[in-house]
Amino acid sequence: MRAHFRSDVPIVWQGRHRPAEDPFRASTAPPPGASMSIRDHDLRISPTLSVNPPRRARRAATALIAATGLVLAGCTSTGEAGTGSSAAGQGVDVSAAVAAVKEASAVPAFQLQAPPVDMTKIAGKKVYVIPLSSQIPYVTAVDAEIKSVVEQHGATYLEFPNSGQPTEWAAGITQAIAQQADVIILSQGPDPKLLVPQLQQAKEAGIPVVLSHLYQVGEELPSEVDGLIAATTNVDFAEAGRLMADAAIARSGGAVNALIITSTEVAPSQSISDAVQATLKERCPDTCKATVENVPVADWATRLSSTTQTALQRDPDINWVIPLYDSMSLGVISGITSAGKTTGVDVASYNGTPDILKLIQDGGPMKVDVGESTAWLGRAAADQAFRLLAGQEPIAGGDVKTPLRIFTPDNVGEAGTPPQATLGYGDAYSSGYDALWTSGQ
C-alpha cells in the first residue's frame, strides 16, 4: 500500500514556500532549519502490495484494504512483542531468517501454474479498466501494462480516468455498460462494497468484473459482493511484514530492538505489524523485541520525525526502525538524524518506491525495502480478464502468485541507477504469461 498526495497541493515550509511535490520524495528535503507541514492535502491510499505465497505456514490475520473514506484517527499506541516467560530457552534462529532473506532477495521466478488461455478469442473484445485513482503513478503504471498486453492481442483497451472517488467508480461501471464492454477490471482496489448496485447492473448486462489487488490470499469475498465479482487477484500483505522482520534479524545477528511505526487506520497495517512482531518472537524470543507507535497518515509530514526521535531518545538501544510503508521513510530518517543516531540504527520498509531504493544506494540508515513489480501486477490482472473473455475459469481464489523482492545494498543496483519501477524483477513474468497465452492450437 502506498500513500499519495495530489500534485496540485502546496507544501508549506515554515518561512519558505515551494511548489507542490510529494513530501516524502528525496528531492523535497526541507531547507536547513525549516520544518514541514502540509496544507489542505488530499490523501490517496493505494493497495499496491502484491506478494508471493507465504514462505512459512503461519499466516497472519487477513487484511482488507480500505480504498477510500479512511478515517484518520489521531491516537498513538505502544506495545511490545518478543519477550516473556514462554520465550525462555528457545534460542535464536538466525539461520531461518537468513534463508528467507536470501530466497526473497533473488530475482523472482514465475510460479503460476494454470491452464493456457486461448487468445484467439480475445481479439475484438473490449476491456474496460476503472483504476483506483488515475492520480497515483503506481496505479497508472499497472494499468499501462494492462493496456499494452490487451492491445497486443487485438482487443480494445478503454479506461475511465478518475480521482479515486466511489461516485466516479460507479460512473465508470455505468459507462462500461453503456459502451458494451466485454469485461471490467476494477484495478488496484476500488472497494466493490461501495458499488453493489452498479455491479448488479453489470452482471445483468452479462459483463464479468475482475477486482485486482484488494483482498488477502485465502480471503473469501464479502457476502455483499459474492456472485458479483467474477475473478480477483489477491495478495498476502503479512508476508511483507515477515520479510522485513527476517531482514532485520539476519542483518543484526538475531539481536533486534525494533521501533515499528504503523498507521492503524490503513486496513493492512495490523496484519503487517502483527507479522513483524510474530516473526521476531518466533526467531529470537530472548533477544528481539518491538515497540509499536501509531502515526496516522494525515500526520506523516508533521509527526514521523518527532515520533521517531522521541522513541530513540526514550530507548537508546533501538537498532531498527520499521515504518510499514516506505513513503514514511524520509520522515523516519529525519527523526533518526535529529536523535543523533546516524549510525547504529537501520530502516526496513515496504513498497519498493524508486526514490526510497535510491536512499539504499546512497548509503545511510535505509537498508531494506520490500518491493513489487507493476508490470507483473498488470499482467496478472489482464490474465484473469483474458480467461473470462475466452470462456475459461479464472484462477481460483485469485491466488495469482505475484511476488515480492527484498532490496538491500547488496542487490539494489539491479533496480537501475537511479532505480526505476520496472527494473529489478527480471523478465520471468513476461515469458511466463506469454507461454500461457496461446494461439489455441
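For this structure, a couple of remarks:
- FRET efficiency, Val107 to Glu220 (Cβ-Cβ, R0 25 Å, nearest 0.05): 0.15
- The magnitude of the dipole of the stretch 300-441, with charges of +1 and -1 set on the Cβ of Lys/Arg and Asp/Glu and taken from the Cα centre, is near 300 debye.
- Estimated vicinal HN-Hα couplings, Hz - the stretch 254-259 in sequence order (Karplus 6.51, -1.76, 1.60; Gly, Pro = x): x, 10, 10, 10, 9, 9
- Inter-probe distance in nm under a simple model that places probes 7 Å from Cα toward Cβ, at Thr438 and Ala255: 5.7
- Measuring between alpha carbons in the structure, the pairs from Lys358/Lys401; Lys102/Lys289; Lys125/Lys193; Lys193/Lys358 lying more than 30 angstrom apart are Lys193/Lys358.
- Whichever lysines have a C-alpha closer than 17 Å to that of Lys341, once near sequence neighbours (fewer than 8 apart) are set aside: Lys367
- Amide H within-cut-off set for Thr233, under 5 Å, with H built and near neighbours excluded: Leu211, Ser212, His213, Leu214
- With neighbour counts taken as other beta-carbon atoms within 10 Å, the residues Arg303, Arg379 rank, fewest first, as Arg303, Arg379.
- For the stretch 293-304, Karplus couplings with θ = phi - 60° (6.51, -1.76, 1.60), whole Hz, Gly/Pro x: 10, 9, 10, x, 4, 4, 9, 4, 5, 9, 10, 4
- Note on the stretch 302-427: dipole from Cβ charges, positive end direction compared against Phe407, Thr302, Gly363; the farthest Cα belongs to Thr302.
- Our estimate of slack between Gln200 and Ser306, defined as 0.36 nm per intervening residue step minus the Cα-Cα distance, is 33.4 nm.
- The H on the amide N of Ser349, modeled in the peptide plane, is under 5 Å from the matching H of Val368, Asp369, Val370, each at least 5 residues off or on a different chain.
- For Asp93, Asp143, the sequence from fewest to most other C-beta atoms within 10 Å is Asp93, Asp143.
- Sparse-neighbourhood loop sites, chymotrypsin sites (Phe, Trp or Tyr not before Pro) in the stretch 369-441 - DSSP loop, at most 14 other Cβ within 10 angstrom: none
- Among residues other than Thr408 with Cβ under 15 Å from its Cβ, the summed charge is -3 (Lys and Arg +1, Asp and Glu -1).
- Residue exposure sequence - Val276, Val101, Val400 - by fewest surrounding Cβ within 10 Å: Val101, Val400, Val276
- Of the two radii for the stretch 220-274, the radius of gyration is 1.17 times the Kirkwood radius, both from the alpha carbons; that is the Rg over Rh value.
- Inter-site label distance for Thr156 and Asn411 at 7 Å from Cα along Cβ, in nm: 4.3
- Per-residue 3J(HN,Hα) values for the stretch 422-430, derived from phi via the Karplus relation 6.51 cos²θ - 1.76 cosθ + 1.60 with θ = phi - 60°, read 8, 9, x, 10, x, 10, 4, 5, 5 Hz in sequence order (x marks Gly and Pro).
Since every read-out is calculated from the coordinates, none of them should be taken as a lab result. As the structure is a prediction and not an experimental result, all values here were calculated from the model. We place every Cβ from the backbone using ideal geometry, glycine too, and count neighbours over all the protein chains shown.
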